[in-house]
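Some notes on the structure that comes next.
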Amino acid sequence: SLPALASTLSDVGQRLSELLAKTVGAIALDEIRDHPTMLSWFRTGLEYHSSHALGDCLFCGNALSEDRLTALASAIEDRFDKLMLEIKRARDDLSARREEFRRLERGRPSKGPLAPGLDAGHDDLAAALAKHVGEVDTAIATMLDLIEKKHSEPNTSIGLPDELALERLKEIDTALLATAA
């Protein structure tokens, strides 16, 4: 049987689209907005400098005023952690889903001794199932690539490419369900 049918590929694509569009928020600091891949670095530096009560930046040597630390903290505080957790959960879910479909393909029954007349249909069904599971695998691989990009640039809104358009994902769902029925 097909794994995780309660949540179709198009459902996953819709949730992914929403996640990829999320940002930490309207970040007031130009430095963070202009360099979105550095958001994690800003967060780590802020935590380190604050927890060690450093008055000067270890990187550039400039003084760190209380106002500057407060501005940085308000720009990346709680929303960053929530978004990063959501990204991690999405990556874990996609990886697990991909493995389920790979197990489905590896575990499909062999032809074995079938009743006369059924063996020809088996080959067609097996080929169709392999094709559709391959399409799911390719879609999930692309989704995982997007999640990795989002992880490295959490404050950048990312759109789905054409191959993950919801209409295309629905076509894959329909074909896979028809084959497995």
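Just a few scattered comments:
- The set of residues from the stretch 1-60 being open to solvent by less than 70 Å² (accessible area, probe 1.4 Å), among the hydrophobic types (A, V, I, L, M, F, W, C) and at pLDDT 85 or above comprises L9, V12, L16, L19, L20, A21, L46, L54, C57.
- From the list A120, A75, the one residue that fits, being surrounded by fewer than 17 Cβ atoms within 10 Å (Cβ to Cβ), over 30 Å from L166 (Cβ atoms) and either modelled with pLDDT of 85 or more or not polar (S, T, N, Q) (or both), is A120.
- Here is the figure for the stretch 125-181: residues that are assigned to a loop (DSSP other than H, G, I, E, B), open to solvent by less than 70 Å² (accessible area, probe 1.4 Å) and more than 16 Å from D11 (Cβ to Cβ) total 7.
- Pair list, Cβ under 9 Å, 6 or more apart: the stretch 64-92 residue within 18 Å of S152 (Cα to Cα), other residue aliphatic (A, V, I, L, M) and loosely packed, with under 12 Cβ neighbours inside 10 Å: A75/A28
The values are calculated or read from the model by the stated rules, or taken from the named source; none is laboratory data. Because the structure is predicted, anything quoted here is derived from the model rather than measured. All Cβ positions, glycine included, derive from the backbone under ideal geometry; neighbour counts span all protein chains shown. Protein only, heavy atoms only, side chains kept; ligands, DNA and RNA dropped before computing areas. Shrake-Rupley method; radii C 1.70, N 1.55, O 1.52, S 1.80 Å.
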